[in-house]
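Structure record follows, encoded as structure tokens.
The values are calculated or read from the model by the stated rules, or taken from the named source; none is laboratory data. Quantities reported herein were computed from a predicted structural model and do not represent experimental measurements. Methodologically, a virtual Cβ is constructed for each residue, glycine included, from the backbone with ideal geometry; neighbour enumeration extends over all protein chains shown.
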Amino acid sequence: MADRTPIRTIPLALRRRKRLGPDSACAICGYCDPVALIPVSPDWLRSTGVRVPHTLLQWDHVASRKNYPGLIVAICRNCHAVVTELREQERISMERQPNARLRVALRFEAQAIYRQRELDSLCHDYVHLKGISRETREALLAEAWRRDEEIASLRRSAEIARKGKRK
């Protein structure tokens, strides 16, 4: 996925890397994307009495609470942080859109972000599978291809909705 504003997001990424260090990872799950990691020390956790909650899920308003209040998904904190960052990179506004056409375009763009995250996760898992059958490998590749096609379709639909053109 292309970063539409690298001049703004690259310095943020560099600051995160500097603050967290080169080999930082979550102490609980090992997640290591610096977008989602928040640096705190064990001393800070003890001094504040912060406990890790039983659930690490958060509700995410896929296409903005102001545009689609009922379109929510439960995702883990890490994925929530990553999806939020991807929205920022794609310049997907979470503000109320002035007309229905722009709201529909926003929804398609936001859904494409989710599908891309799912595809990335699927590909990550696929890379770590060993000893799988040829049929399973082909099924996984077919699923990845289908999802990639769906992402492209969502992006085309968003563009059509934004321009107001019909096929």
Subset tally (residues that are part of a helix (DSSP H, G or I) and either surrounded by 11 or more Cβ atoms within 10 Å (Cβ to Cβ) or touching a Pro at 6+ places or on another chain (Cβ under 6 Å) (or both)) for segment 118-137: 9
Pairs where the first residue, in segment 93-105, is of a type in the set (Lys, Arg) and the second is assigned to a helix (DSSP H, G or I), C-beta under 8 Å, 6+ apart: Arg101/Ala161; Arg101/Arg162
Selected residue [aromatic (Phe, Trp, Tyr) and within 13 Å of the chain's Cα centre (by Cα)] from Tyr68, Tyr114: Tyr114
Members of segment 68-90 found to be of a type in the set (S, T, N, Q) and modelled with pLDDT of 80 or more, listed by number: Thr84, Gln89
Whichever residue in segment 43-67 is in a loop (DSSP other than H, G, I, E, B) and of a type in the set (Ser, Thr, Tyr) and, among such residues, is modelled with the lowest pLDDT: Thr55
Some residue of segment 143-151 being modelled with pLDDT of 80 or more, aromatic (Phe, Trp, Tyr) and farther than 30 Å from Asn99 by Cβ: yes
Residues within segment 94-117 that are surrounded by fewer than 16 Cβ atoms within 10 Å (Cβ to Cβ) and either of a type in the set (Gly, Ala, Ser) or part of a helix (DSSP H, G or I) (or both), tallied: 2
Members of segment 79-93 found to be over 12 Å from Asp60 (Cβ atoms), buried (at least 17 other Cβ atoms within 10 Å of the Cβ) and not β-branched (Val, Ile, Thr), listed by number: Glu85, Glu88, Gln89, Glu90
Ala36 being within 14 Å of the chain's Cα centre (by Cα) and at pLDDT 80 or above: no
